[in-house]
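Here the structure is laid out as structure tokens; the discussion comes afterwards.
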Amino acid sequence: MPRAAEISVNEREFILQGLKENIRLDGRPFDAFRSLELNFGDEHGVADVQLGKTRVIARVSAEVTAPFVDRKFDGIFNISTEFSPMASPAFEIGRPTEAENILSRILEKAIRRSGALDTESLCIIAGLKCFSLRADLHVLDHDGGLIDASCIAVIAALQHFRRPDVAVEGENATIFSIREREPIPLSILHHPICVTFSYYNAGGIMLVDANLAEEQVREGEVVITMNRHGEVCQIAKYGGVSVDALALLNCTSVALEKVKDITKFIQRRLEEDAKKRDVGGLIAELSAENAR
Amino acid sequence: MAPQALLSPLHQADGSATYSANGYSVIGAVNGPVEVSRRDELPEEAAIEVNVRPAAGVGGPRERHLESLIQSTLRHIILTRAHPRTLIQVTLQVTSLPEEESSVGDGSGFSFSSLPVLPPLLTTATLALLSASIPLSTTLSATLVAITAAGKIKCAPTAAELVRASAKVSSLHVFAFSVGRALLLAESEGDFEFGAWESACEVAEDACCKSVEGMEVDGEVENGQEFLRGVVEGKVGREMRWRTAA
């Protein structure tokens, strides 16, 4: 396994000097995200997120399995993050790096444990059959901000995904293919989005959405996950530098603004995609979804 | 749908390419020549590592099998001796599958063959190697050939054709050819006679390689080599715009 190219001393000094003079490498303001792009695949449940030069594809797929014995009424939902050498030659398959562990742990906390997905709705017959959902994350290009991009990709893919319709008669469940019945969207309770803050200069400088070079010279990071209603799902802090409690409060208010923007953006892209798919306006008639 | 390709869509990898044909989309990245671990180091040539990653789930025996086929094919077209004691890393990520194949996993019992995905993987690997400017002795083009029970040969069948005719397709073959019409890879599965294999091989050769001595057949679909050439020409054309514009 080749080592990742480390940032040189000169580059490090240059970036830090710039930050002290309120200038970022790419000229962004300190609290600005890079340009965000979101595209959906031809299939349901594939979201391709580009955050600056970082590119992540999330793919949600479902299959029918038996539920866990101790959780008879719940479906199964897993997020799998495995880095490939595509993103950086330093990533090796089968040997997770620290970044990979942190990413999977934060997504676990942010999306799974915050109850974003209603797993009870994935149950078909209690104790016998349920949907097992998995979200696969493919990191194609790594230029920092992996956590933010991955979270956006998974949330967008979950909203875009449609599971096959089922009909239950006693002990028998029939699963209808896409051709037989219009598949139905998942029930998602809220949409958590992660925002990463990077700290420099002993906690004096705070950046939103650092790119790879800025990530390599940072002293600490704070990842805040919240939804657009301002409910904080998790806060994680890594790195040695200490962060003032009041500064954290400030972070959450900055994060809320970003989360609102991103959620609105995802919603807009989803609507555009739905319009594109809805050829001849037939989807409303085909849908088997119950009115809420 | 005609195959589509894009060279160098990624920033981090040394070379990359996306390729989609017949419902399959693959994105490939090549890093190399890079430092090699002591375990894989070869004293007189470059080691080649191929990683195939499925669209959903983690790789299993099927992906390992595809990796070994692709690795042994690429080993013969890359000039490995030009970079001794280094590593050339090829990562191939399947991004989308035809609807027929992705819906097969619902426990319907029908297992889809691993061969249809092989030609797109090989083509993507070649394009990514070209994009990374790894020295090659030749380029490669590959195609899938199906032989039906009635003995009819179908070149580059779509997944829909395979599934609908799954009772009738008796064998599947993948052939890869170099520019000089040398056979680089032949993988077959199913029941077939040697005569049928030979004619399938001929059909594949015509689909992959340029026709000899300008025997232009009008209305002919673009063959594999011409497609590769067109993609690279397009990219070079775009990059050299600053020169030609004046």
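The values are calculated or read from the model by the stated rules, or taken from the named source; none is laboratory data. This structure is a prediction, so every number in the text was calculated from the model and none was measured. We place every Cβ from the backbone using ideal geometry, glycine too, and count neighbours over all the protein chains shown. Remember, those area values only see protein heavy atoms, side chains included, never the ligands or the DNA or RNA. Shrake-Rupley method; radii C 1.70, N 1.55, O 1.52, S 1.80 Å.
Observations, loosely collected:
- Total residues in region A:156-202, condition more than 25 Å from residue A:269 (Cα to Cα), out of contact with any helix residue (DSSP H, G or I) (no Cβ under 8 Å at 6 or more places or on another chain) and either hydroxyl-bearing (Ser, Thr, Tyr) or open to solvent by less than 10 Å² (accessible area, probe 1.4 Å) (or both): 3
- Selection count where residues are open to solvent by 20 Å² or more (accessible area, probe 1.4 Å), small (Gly, Ala, Ser) and farther than 23 Å from residue A:169 by Cα, scope region A:115-153: 1
- Annotation note: Cβ proximity below 7 Å between a residue of region B:139-159 that is open to solvent by less than 50 Å² (accessible area, probe 1.4 Å) and a residue that is among the acidic types (Asp, Glu) (sequence gap 6+ or interchain) occurs for B:159/B:100; B:159/B:101.
- Total residues in region A:37-52 satisfying the condition of being closer than 13 Å to residue A:143 by Cβ and either more than 14 Å from chain B (Cβ to nearest Cβ) or not in a strand (DSSP E or B) (or both): the figure is 1.
- Matching residues in region A:53-98 - criterion: being more than 7 Å from chain B (Cβ to nearest Cβ) and of a type in the set (Asp, Glu): A:70, A:74, A:92, A:98
- Residue A:173, sole failed condition from (1) closer than 29 Å to residue B:96 by Cβ; (2) not in a strand (DSSP E or B): (2)
- Residue check: residue B:36 meets all listed conditions (1) open to solvent by 50 Å² or more (accessible area, probe 1.4 Å); (2) in contact with a Leu (Cβ under 9 Å, 6 or more places away or on another chain); (3) facing another protein chain (nearest Cβ under 8 Å) but one, namely (1).
- Selection within region A:238-282 - buried (at least 16 other Cβ atoms within 10 Å of the Cβ) and of a type outside the set (A, V, I, L, M, F, W, C): A:252, A:258, A:260, A:263, A:269, A:273
- For region A:8-24, filtering for residues that are open to solvent by less than 30 Å² (accessible area, probe 1.4 Å) and not in a helix (DSSP H, G or I) leaves 1.
- For region A:205-212, the criterion of a residue being among the polar types (S, T, N, Q) and either away from every other protein chain (no Cβ under 14 Å) or touching a residue at least 24 places away in the same chain (Cβ under 8 Å) (or both) is satisfied by at least one position.
- Evaluation of residue B:54 against (1) over 15 Å from residue B:24 (Cα atoms); (2) in contact (Cβ under 8 Å) with a residue 24 or more places away in the chain; (3) within 14 Å of another protein chain (Cβ to nearest Cβ); (4) not hydrophobic (A, V, I, L, M, F, W, C) (one fails), failing number: (1)
- Of residues in region A:98-113 being under 18 Å from residue A:149 (Cα atoms) and out of contact with any helix residue (DSSP H, G or I) (no Cβ under 8 Å at 6 or more places or on another chain), the one surrounded by the fewest Cβ atoms within 10 Å (Cβ to Cβ): A:98
- Verdict on residue A:152 being more than 14 Å from every other protein chain (Cβ to nearest Cβ), farther than 17 Å from residue A:118 by Cβ and modelled with pLDDT of 90 or more: yes
- Residues within region B:57-96 that are within 13 Å of another protein chain (Cβ to nearest Cβ), among the aliphatic types (A, V, I, L, M), under 26 Å from residue B:162 (Cβ atoms) and touching a strand residue (DSSP E or B) at 6+ places or on another chain (Cβ under 6 Å), tallied: 2
- Residues satisfying the stated conditions in region B:8-21, i.e. part of a strand (DSSP E or B) and open to solvent by 20 Å² or more (accessible area, probe 1.4 Å): B:18, B:19, B:20
- Residue among A:196, A:225 that alone is among the polar types (S, T, N, Q), within 23 Å of residue A:6 (Cα to Cα) and within 16 Å of the chain's Cα centre (by Cα): A:196
- Enumeration of residues in region B:12-32 that are under 21 Å from residue B:80 (Cβ atoms) and more than 10 Å from every other protein chain (Cβ to nearest Cβ): B:15, B:17
- Of all the listed residues (A:56, A:64, A:60, A:49), the sole one being open to solvent by 30 Å² or more (accessible area, probe 1.4 Å), closer than 28 Å to residue A:134 by Cβ and in contact (Cβ under 8 Å) with a residue 60 or more places away in the chain is A:64.
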